[in-house]
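Okay, structure first, notes after.
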Amino acid sequence: MTLTFETKAIGTYDTYDETFGVLSIPLVQVEGRNYYNVKVTISKVISIDGGIPNQDFDTYRSDTSTLNIPSVSVQGNIYTNVRVGIERVLCVKCQNYYPFTDGSVRNIAQLGNTFTLSNYGFIDNDQSNSLNGKPTIHGKFFGDSIYNRFLKTNTTTVKLLANKSYSVSYDYKIVEKPTNGFEVLFFSQVGAASNNFLPSKIIFGNPGDTGSASLNANLGSFQDYVIIWNIIG
């Protein structure tokens with residue numbers, strides 16, 4: 001067994017990026033468990049009490065969705081003993097964060113090194129939407145565009161080799177009835193340029209429906225395959 005751990009050094013603090021509305025947290029404790037390098041968006045500032053920080057790390061109350069912050073830097077100004085409401089968890093153990101606009105994909109947050117969420121996807125801690133009592137990845141979109149990606153694999157860590165066979169499986173719960181379904185597929189941008197697509201798996205259902213889905217694929221000769229989850233508008 002290998003045990004690794006991290007500590008939050010004295011004098012470190014959260015940082016808030018006003019441009020993209022993202023709070024970066026070195027360490028937060030949730031129900032006695034520590035989470036490192038977390039990025040969230042906040043719904044509101046509840047209070048700023050000031051004074052000497054009353055704790056060494058952030059603490060989160062899931063029953064009220066509130067975060068207690070000992071100290072946070074906003075545009076170079078330090079605020080202490082701050083309490084805020086959490087809107088969305090973007091990533092945990094974040095390696096990189098890419099806030100940019102690319103068509104309809106904005107505010108990309110990386111989930112570890114394996115997956116990337118678009119702004120149509122987020123980590124959902126709502127127990128009513130959970131699977132087996134665990135947080136889920138929630139995709140949500142309202143609009144006229146057809147294929148709306150909310151999750152994909154990263155090619156640097158999930159390497160899908162050309163001309164090989166792969167399978168992807170996952171559990172799901174439908175929160176709102178989709179217009180044209182939820183889709184998963186193995187996708188190559190190079191292949192798409194020559195109209196070369198593989199069959200996808202599309203899920204339909206009603207709110208509250210749960211299940212498991214899987215998709216098998218024999219990849220083509222392209223080197224840039226990723227697995228993509230779409231909401232079909």
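Can you say whether residue 230 is at positive phi and touching a Leu at 6+ places or on another chain (Cβ under 9 Å), as far as the supplied structure shows? For residue 230, the condition - at positive phi and touching a Leu at 6+ places or on another chain (Cβ under 9 Å) - is not met. Residue-level check: of (1) modelled with pLDDT of 85 or more; (2) closer than 21 Å to residue 122 by Cα; (3) loosely packed, with under 11 Cβ neighbours inside 10 Å, residue 18 misses just (1).
Against the conditions (1) surrounded by fewer than 17 Cβ atoms within 10 Å (Cβ to Cβ); (2) at pLDDT 90 or above, residue 227 satisfies every one except (1). Restricting 167, 212, 221 to residues that are part of a strand (DSSP E or B), over 25 Å from residue 89 (Cα atoms) and without any contact (Cβ under 8 Å) to a residue 60 or more places away in the chain narrows the list to 167.
State which residue is nearest to the chain's Cα centre (by Cα) when the search covers only the range 146-169 and only residues that are hydroxyl-bearing (Ser, Thr, Tyr), under 17 Å from residue 202 (Cα atoms) and surrounded by fewer than 13 Cβ atoms within 10 Å (Cβ to Cβ). Selected residue: 169. For the range 196-204, does any single residue satisfy the condition of being aromatic (Phe, Trp, Tyr) and under 25 Å from residue 126 (Cβ atoms)? Yes, the range 196-204 contains at least one residue that is aromatic (Phe, Trp, Tyr) and under 25 Å from residue 126 (Cβ atoms). One residue is enough: does the range 208-229 have a residue meeting the conditions among the small types (Gly, Ala, Ser) and in contact with a Ser or Thr (Cβ under 6 Å, 6 or more places away or on another chain)? Yes, that holds for at least one residue.
Checking each residue in the range 170-203 for being surrounded by 13 or more Cβ atoms within 10 Å (Cβ to Cβ) and without any contact (Cβ under 8 Å) to a residue 40 or more places away in the chain picks out 174, 188, 190, 191, 197, 198, 200, 201, 202, 203. Scan the range 42-59 for residues that are within 18 Å of the chain's Cα centre (by Cα) and buried (at least 17 other Cβ atoms within 10 Å of the Cβ) and jot them down. Hit for the range 42-59 is 42, nothing else. The requirement of being at negative phi, out of contact with any Pro (no Cβ under 6 Å at 6 or more places or on another chain) and either at pLDDT 85 or above or of a type in the set (S, T, N, Q) (or both) is not satisfied by residue 10.
The values are calculated or read from the model by the stated rules, or taken from the named source; none is laboratory data. Just so it is clear, the structure is predicted and the values come from calculations on it, not from any experiment. Positions of Cβ are generated from backbone atoms using ideal geometry, with glycine treated the same way; all protein chains shown enter the neighbour counts.
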